[in-house]
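These notes are about the structure you will find just below.
The values are calculated or read from the model by the stated rules, or taken from the named source; none is laboratory data. Remember, it's a predicted structure, so these values are computed and weren't measured experimentally. Every residue, glycine as well, gets a Cβ built from its backbone with ideal geometry; the counts of neighbours run over all protein chains shown. For the accessible areas, the whole protein counts, side chains as well, though only heavy atoms, and no ligand, DNA or RNA atoms are used. Shrake-Rupley method; radii C 1.70, N 1.55, O 1.52, S 1.80 Å.
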Amino acid sequence: MSLSLTLLGTGTPAPLVHRAGSGYLIQLEKESLLFDCGPGTIRRLLETGISPTQISTLFLTHLHYDHCVDYGYLVLNRWDQGVGKIPDLEVYGPPPIQHMTELLFSENGAYGPDLSGRTKHPGSEFIYEMRGGVLPRKRPEPSVTEVAHGSVVEKDPWRVTTAEVVHCQPQLTCLAYRFDTSEGSIVFGGDTAPTQALTDLAQNADILLHMCHMINGVVTDSRITDSCSGHLDAARTAREANVQTLVLVHITEQLEQTGIRERILAEAAGIFSGQIIFGEDLLNIPLGTISPEKIR
Ligand SMILES: [Zn+2]
């Protein structure tokens with residue numbers, strides 16, 4: 001069984017051409033899953049050669065728009081192109097993801113008129129039939145499950161475990177996920193300040209994707225240090241969780257300046273002795289030890 005992790009988006013709410021919002025692709029054999037789908041991540045998905053119709057399942061860490069704004073696009077595009085021949089998308093996330101889904105896709109939702117047109121207008125029916133669809137056309141109905149700290153989603157051959165992390169409570173519930181298979185374990189930390197809950201969730205994982213939103217020591221205002229992580233926070237969590245590889249994500253333009261990027265990696269390596277990867281969009285993250293012998 002093969003397991004692959006690709007970073008689709010490694011950015012923040014600040015718009016950058018080379019960094020989409022948060023989003024990650026897991027491919028396990030023939031199944032493809034997304035963790036978060038921030039702005040631009042579905043375009044990045046196309047760049048990997050994967051169509052939205054191939055995504056079976058979406059996990060959302062929290063409902064900040066830089067993590068979920070492509071949700072509408074994902075559901076509509078895979079429904080439209082799937083022409084009734086693929087199951088509805090399975091969605092897991094914190095409340096109010098069920099309410100958000102209704103606000104988007106119900107009769108009176110934001111896309112209500114679009115969906116009425118696409119399911120009832122003769123021109124849309126023609127295109128639907130040309131794509132191989134059989135009338136009458138059903139509306140999209142994502143299968144939504146709200147999850148919380150301790151929730152486990154078990155779907156042979158993978159299991160996802162949920163932990164609540166510390167970011168934007170009480171307005172938003174913010175989660176981290178651990179994806180376990182026989183091929184390895186990948187932890188998506190979501191957006192968070194340092195918290196024991198994430199350290200516990202990530203114990204002995206192969207890969208930890210951790211927010212690196214700032215340079216520790218440069219930003220000291222507790223309003224941000226109590227809700228976000230910097231490079232040293234990420235390194236400490238990776239060390240305490242004893243993971244093999246730390247991937248820094250949720251990266252601002254400030255952090256990738258020449259000289260700053262190197263300083264961040266060097267300082268993080270002073271704390272965490274495992275592999276450290278500075279996240280970039282479309283980077284495929286290898287499982288296991290990166291061997292220098294493979295370099296030619
Ligand atoms: Zn974010």
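Using a cut-off of 11 Å between beta-carbons, work out the net charge of the residues near residue 109 (Lys and Arg +1, Asp and Glu -1, residue 109 not included).
Value of the local net charge: -2.
Classify region 141-238 from the C-alpha gyration tensor, please: rounded if a/c falls under 1.5, else prolate or oblate depending on whether a/b exceeds b/c.
It comes out oblate by the Cα gyration axes.
Among 217, 151, 133, which residue has its Cα furthest toward the positive end of the charge dipole of region 74-226, with +1 on Lys/Arg Cβ and -1 on Asp/Glu Cβ?
133
Cα centroid distance between region 191-208 and region 1-34, in Å?
Each part's Cα centre sits 19 Å from the other's.
Per-residue accessible area for residue 130 at 1.4 Å probe radius, Å² rounded to 10?
130 Å²
Computed FRET efficiency, Cβ-Cβ of residue 81 and residue 149, R0 45 Å: what is it to the nearest 0.05?
Computed FRET efficiency for residue 81 and residue 149: 0.80.
Once both axes come from the Cα atoms, what is the angle between helix 231-241 and the longest principal axis of the chain, in degrees from 0 to 90, rounded to 10?
Once rounded, one gets 90 degrees.
Provide the per residue accessible area, probe 1.4 Å, for region 3-294, rounded to a whole number of square angstrom.
43 Å²
Let's see if you can work this out: charge +1 on each Lys and Arg Cβ, -1 on each Asp and Glu Cβ, no other charges. What is the dipole magnitude of region 3-294 about its Cα centre, in debye to the nearest 20?
Approximately 480 debye in magnitude.
Might you work out the accessible area of residue 44 for me, using a 1.4 Å probe with all protein chains in place, and round it to the nearest 10 Å²?
40 Å²
Show that you can apply the helix-only estimate: for the chain, add -39,500 (n - 2.57) for every DSSP H stretch of four or more residues, divide by all residues, and state [θ] at 222 nm to the nearest 500.
-7500 deg cm²/dmol
Using a 1.4 angstrom probe on the protein heavy atoms only, could you order 114, 180 from most to least accessible area?
So the residues, ranked largest to smallest area, are 114, 180.
Once each part is reduced to its C-alpha centroid, what is the distance from region 62-83 to region 115-166 in angstrom?
What the calculation gives is 9 Å, centre to centre.
For region 234-296, just say rounded, prolate or oblate: build the C-alpha gyration tensor, square-root its eigenvalues into a ≥ b ≥ c, call rounded for a/c under 1.5, and beyond that prolate if a/b exceeds b/c, oblate if not.
Oblate, because a/c is 1.5 or more while a/b does not exceed b/c.
Quick check: at a probe of 1.4 Å, how many percent of the accessible area of the chain sits on carbon and sulfur atoms?
53 percent
Could you state how much accessible area residue 240 has, in square angstrom rounded to the nearest 10, with a 1.4 Å probe and all protein chains kept in place?
Its accessible surface works out to 100 Å², give or take rounding.
Note the count of lysine pairs whose C-alpha atoms are less than 19 angstrom apart in region 3-294, limited to pairs 8 or more residues apart or on different chains.
Lysine pairs, 8 or more places apart or on different chains, close enough: 5.
Under the rule a/c < 1.5 gives rounded, and otherwise a/b versus b/c splits prolate from oblate, where does the chain land using the Cα gyration tensor?
Note, shape of the chain comes out prolate.
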